[in-house]
Amino acid sequence: MSDAGIGTMPRLWQRAMIWLACNKNLARFMQANPLTCNLARRYVGGADRAEALACVGRLREKGVCASLYYLGEYVDTFALVEQNVEEILASLATFNGVTPSIFFSVDPTQIGYSVSQALGRGNAARIAAESAKHPGIAFIMLDMEDPLCVEPTIALYQELRATGAAVAVTLQACLRRTEQDFERLAKLEARIRLVKGAFVAGKDIAWTRKRDIDAAYDSLAQRALSQEMKSSGLYPIFATHDDRILDRLKPILKANGWQPHQYEIEMLLGVREPLQASLACEGHTVRVYVPFGTEWWAYTARRIGENPANARFVLQALLGM
Ligand code: FDA
């Protein structure tokens, strides 16, 4: 198979699903339809906070930590932004004194960045203030959205860190700029989550072939586990389901003396659960991303797009199976 042919169909499928994820009319239709709501079951931890907390409890029983994420990205009205922020604050408040640590994933566009940066920054400060009431337990994890969001998200991360907030940031290996961003940010006990990237970007700013994205991830992950990064106190979070990459990291973890409390492997709810369990059994710190809420379409469509084999879930849901 020629280079151009490798991964072309999966990329087309992914692009189509990302396009559908952005369609607000389709989102309204899907989220209101009991048949299509079945689609969300696989990837979403519950329709509300109580269901999500029950899901976090079940993970804890399996020795797995959690990240909570209240669904609702790219919102552009004050009312919806405020609803998102209130839900994040209320979720944070429930974690008083509970261990192990819990991450609260926050998309800048869910807390006001689609309205104005000032609104988003103000709301991030409110969330940081609530999380500071739970030291060592609650961490804010800034998710990374489309390429236009990268600069403001990194600026927000730096601003929150400067105030001493317990905050981490996500970097996307698919972006060409990420190597430099990583070198700049991976200092002074930073917490950085590495993902391959779930948004479409042009060749001028991103690696677009799967094998190039995988290679970029590999290289960043290996750099994250170097002795130099360990000495700087970096806390790397490898958010991937790619067992080949994880297998290549294991000997480096061992050779450089990384202990389970110094790094994490994070995966999504409903994806490669046997792999999550076996990594936890091997003694790695494993965290699972638990989205919850009723605005599930955009998130679920991107997840379905990540694997063409997921087309069967769409068919099953539509046929009521
Ligand atoms: P890859 O896509 O190569 O998959 C590796 C293996 O896992 C394959 O066998 C594949 O089939 C399987 N797999 C992966 N995804 C699957 C799915 N949805 N359903 C079924 N099987 C699947 N992205 C982003 O741009 N910004 C962000 O903030 C985040 N945040 C984030 C947090 C966490 C905890 C995770 C795990 C991922 C993200 N992502 C993200 C998504 C990320 O960028 C990426 O799109 C997915 O993780 C898929 O890439 P993998 O690294 O798993 O590799």
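The values are calculated or read from the model by the stated rules, or taken from the named source; none is laboratory data. This structure is a prediction, so every number in the text was calculated from the model and none was measured. Positions of Cβ are generated from backbone atoms using ideal geometry, with glycine treated the same way; all protein chains shown enter the neighbour counts. Accessible surface is based on the protein model in full, side chains and every heavy atom, while ligands, DNA and RNA are left aside. Shrake-Rupley method; radii C 1.70, N 1.55, O 1.52, S 1.80 Å.
The dipole here belongs to region 126-190: it is taken about the Cα centre, uses +1 on the Cβ of Lys and Arg and -1 on the Cβ of Asp and Glu, and is about 200 debye. For the chain, the solvent-accessible area with a 1.4 angstrom probe is 45 square angstrom per residue. Rounded to the nearest 20 debye, the dipole size of region 45-295 about its Cα centre is 820 debye, using +1 on the Cβ of Lys and Arg and -1 on the Cβ of Asp and Glu.
The count of lysine pairs in the chain with alpha-carbon distances below 27 Å, taking only pairs 8 or more places apart or on different chains, stands at 18. Taking every protein chain into account, the 1.4 Å probe leaves Tyr74 with about 70 Å² of accessible area, to the nearest ten. Look at the dipole of the chain built from charges on Cβ: of Ile102, Leu253, Thr77, the Cα furthest out on the positive end belongs to Leu253.
With the full set of protein chains in place, find how many percent of the accessible area of the chain is carbon and sulfur; take the probe as 1.4 Å. The computed percentage sits at 58. Per residue, the convex hull spanned by the Cα atoms of the chain amounts to 135 cubic angstrom.
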